[in-house]
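Trainee: The following block contains the structure, expressed as structure tokens.
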Amino acid sequence: MKTLSKSDYFTTEQEQTARFAKALGHPVRIAILQLLNSQACCFHGDMAEVLPIAKSTLSQHLNELKDAGLIKGTITLPTVKYCVNKENWELAKQLLNAVLK
């Protein structure tokens with residue numbers, strides 16, 4: 001008998017919506033997105049000065065948002081510049097709006 005995987009039960013849209021929701025599930029990540037949405041881009045060091053968390057913790061939250069596709073990071077040594085991934089941000093809004101109707 002074939003073992004069913006989660007993709008046999010859930011649609012791609014449901015899985016993507018859950019991924020976005022998980023990434024949005026922490027107040028620091030919400031603050032990061034609000035900060036990035038208020039300007040074109042922001043450097044890691046600048047965010048570390050604004051947000052009341054350690055740089056290593058900030059990096060973990062940025063990685064979670066980046067892994068979900070909500071932000072993009074550009075490495076220009078020795079700094080990393082982050083921006084909202086506008087295309088995926090629009091997709092996240094559409095998917096979450098569909099759930100919250």
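Trainee: Determine the pairs where a residue that is touching a residue at least 12 places away in the same chain (Cβ under 8 Å) and closer than 17 Å to G25 by Cβ, located within the stretch 83-101, has a partner that is among the small types (G, A, S) and part of a helix (DSSP H, G or I) with Cβ atoms under 9 Å apart, the partner being 6 or more residues away or on another chain.
Mentor: These pairs meet every condition: A92/A21; A92/A23; L95/A21; L96/A21; V99/A21.
Trainee: Please indicate, with yes or no, whether at least one residue in the stretch 45-68 is assigned to a strand (DSSP E or B) and loosely packed, with under 14 Cβ neighbours inside 10 Å.
Mentor: No, that holds for no residue.
For every residue, the table says whether it meets (1) among the polar types (S, T, N, Q); (2) under 22 Å from W89 (Cβ atoms).
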| site | (1), (2) |
| --- | --- |
| Q39 | yes, yes |
| H44 | no, yes |
| A48 | no, no |
| K55 | no, no |
| L58 | no, yes |
| L65 | no, yes |
| K72 | no, yes |
| I75 | no, yes |
| P78 | no, no |
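Trainee: V99 is checked against (1) in a helix (DSSP H, G or I); (2) in contact with a Leu (Cβ under 8 Å, 6 or more places away or on another chain) and fails just one. What number does that condition carry?
Mentor: Result: V99 passes all but (2).
Taken together, the values in this text are just the output of simple stated rules run on the coordinates, not laboratory data. Quick caveat, the model's predicted, so the values are computed rather than measured. When we count neighbours, we look across all protein chains shown, and the Cβ atoms used for this are built from the backbone with ideal geometry, even at glycine.
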